1. Those residues that are over 19 Å from Gly191 (Cα atoms), free of Cβ contacts under 8 Å to residues at least 40 places away in the same chain, more than 24 Å from the chain's Cα centre (by Cα) and part of a loop (DSSP other than H, G, I, E, B), I need them from segment 105-119; list them, please.
2. If you check Thr76, Thr87, Thr64, Thr70, which single one turns out to be closer than 30 Å to Trp436 by Cβ, β-branched (Val, Ile, Thr) and out of contact with any helix residue (DSSP H, G or I) (no Cβ under 7 Å at 6 or more places or on another chain)?
3. Might you check whether a residue that is over 22 Å from Trp132 (Cβ atoms) and of a type in the set (D, E, K, R) occurs anywhere in segment 11-18?
4. Which of the residues that make up segment 305-328 are in contact with a Lys or Arg (Cβ under 9 Å, 6 or more places away or on another chain), assigned to a loop (DSSP other than H, G, I, E, B) and either free of Cβ contacts under 8 Å to residues at least 12 places away in the same chain or within 16 Å of Met271 (Cα to Cα) (or both)?
5. So which helices (runs of 4 or more DSSP H) stay within segment 174-278 end to end and still have 3 or more residues that are in contact with a Leu (Cβ under 9 Å, 6 or more places away or on another chain)?
6. Taking segment 27-58, which residues are more than 16 Å from Leu196 (Cα to Cα), among the hydrophobic types (A, V, I, L, M, F, W, C) and in a helix (DSSP H, G or I)?
7. I'd like the full set of residues that are of a type in the set (A, V, I, L, M, F, W, C) and either buried (at least 17 other Cβ atoms within 10 Å of the Cβ) or closer than 13 Å to Leu304 by Cα (or both), limited to segment 258-278.
8. Kindly indicate the residue of segment 120-178 that is among the aliphatic types (A, V, I, L, M) and open to solvent by 20 Å² or more (accessible area, probe 1.4 Å) and also nearest to Gly191 (Cα to Cα) among those meeting that condition.
Amino acid sequence: MSVTEKLNGYGPLNGVKVVELCEWVAAPATVRVLSEMGAEIIKVEPLHGDAQRTQGPGFGCEQTDREDPTIDLNNTNKNWLSLNLKTEEGAHVMQELLAKADVFVNNLRDKALMKLGLDYATLKAKYPNLIWAQMRGYGEFGPERDTPGFDAVCWAARGGVANVFREDGQSPAIPPQAFGDYNAASILSGGILAALFNRTRTGKGDKVTCNLYGAAIWGGNIGVMATQFGAPYPKSRKAVPNPFNNTYKTSDDKWMLICMPQYDKYYNMMMEITDNSEHKDQADTCNLPALKISQKQPEVISWLEASFATKTFEEWDEILREHEVPHQKCFRYTDILKDEEAYANDSLRWVEYESFGKKAIPMSPLRFDDYGDPPIILSKPTGYHTVEFLTKMGYSAEEIAAMEEKDAIKCWHGTEVPDTIFKSERQITGETPCNW
């Protein structure tokens, strides 16, 4: 039974067929988002598999030939075929898949796509109603259009993230691997959905692209604009333009971040609750225009620093909640893994590995009321569903064996990997139904 059949018609994209020719993170994660909306996903890997399968140890994780937690992060609810697209037989199977597909998602570079006959112009002529989607490192038209790229270089480095998230004067930050990939994946999945909707009105497919560099610039919107007004990043927390948008340390050595954009409106309240009442209505600090002219941001920050250092985070948490001041302790991932909020809202979900035990996997955050929390089936080894799908497509066992002998396809010959469906915490406790 395919993964799609196991999911039993779940989701608003039930019946939508997606063919994926992607590796690494951003593009496969795009398709994972679609899979959690119920689309049927046929992931086509080369015979050696998605290159992301080599990355577990580099991320600090472990893997076996049957289980790979880092692959699972981008590849839930997929069916796994392995084709050598450089062979006539493998290319023919790919065209058969595309002929019945609604969406084709890839992250190959343009020259490789053209060699394989999978570029947009070629497929548009063959399948005019196909949505053709591509994740890129850089855009389609600039000098870097043919340059390979990962989120570390396109998003974190060139996109400014590594150099503006740091404290001014310190070395560039090292964001968690693939942080930008998941942001770009969300954007591309949204574009694919828009193209699918538009096809219901026009009957025509479309080309949808997203690139990591552009996603970083989009995410840096405010910083890019502020820089043009003489307020560049990185910043020192000692001199941010709005002292109420800043980090402060409490008496028990916990950092918290406060976000009060309406500085002028809440200035007097903040002075009062932080025991700085003597500065209420102070002309050169009580509103942002005056503060910009007086350049007294460091002075205001010093008042707040001294106050926040007098109480524990728990004490400040109670005070700030009482006055509805948006704030939060600065979490690490160890804190997130213990956070009830994450599990109650299915942002994290427990899965069980044969070799590694219970682990929490992040979930895409979008939910539909009619469908609820999506079912999750973890990834499979390379070529796991090749025989099943080729058989359904009309190939005989002899033809499949001959194709494998010629290295046109790869089939899984190991033991069965169970199609375990992992539920959300609220589904397990019966607080919400499983709509699948």
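The values are calculated or read from the model by the stated rules, or taken from the named source; none is laboratory data. Every value quoted in this text rests on a predicted model; they were computed, and no experiment measured them. Cβ: placed from backbone, ideal geometry, glycine included. Neighbour counts: every protein chain shown. Only protein heavy atoms, including side chains, enter the accessible area calculation; ligands, DNA and RNA are left aside. Shrake-Rupley method; radii C 1.70, N 1.55, O 1.52, S 1.80 Å.
1. Within segment 105-119, just Gly117 meets the criteria.
2. Sole residue among the options that is closer than 30 Å to Trp436 by Cβ, β-branched (Val, Ile, Thr) and out of contact with any helix residue (DSSP H, G or I) (no Cβ under 7 Å at 6 or more places or on another chain): Thr64.
3. No, there is no match, as no residue in segment 11-18 is over 22 Å from Trp132 (Cβ atoms) and of a type in the set (D, E, K, R).
4. Of everything in segment 305-328, just one residue is in contact with a Lys or Arg (Cβ under 9 Å, 6 or more places away or on another chain), assigned to a loop (DSSP other than H, G, I, E, B) and either free of Cβ contacts under 8 Å to residues at least 12 places away in the same chain or within 16 Å of Met271 (Cα to Cα) (or both), namely Ala309.
5. 179-202, 263-273
6. Ala27, Ala29, Ala51
7. Ile258, Met260, Met269, Met270, Met271, Ile273
8. Only one residue fits best here, namely Ala121.
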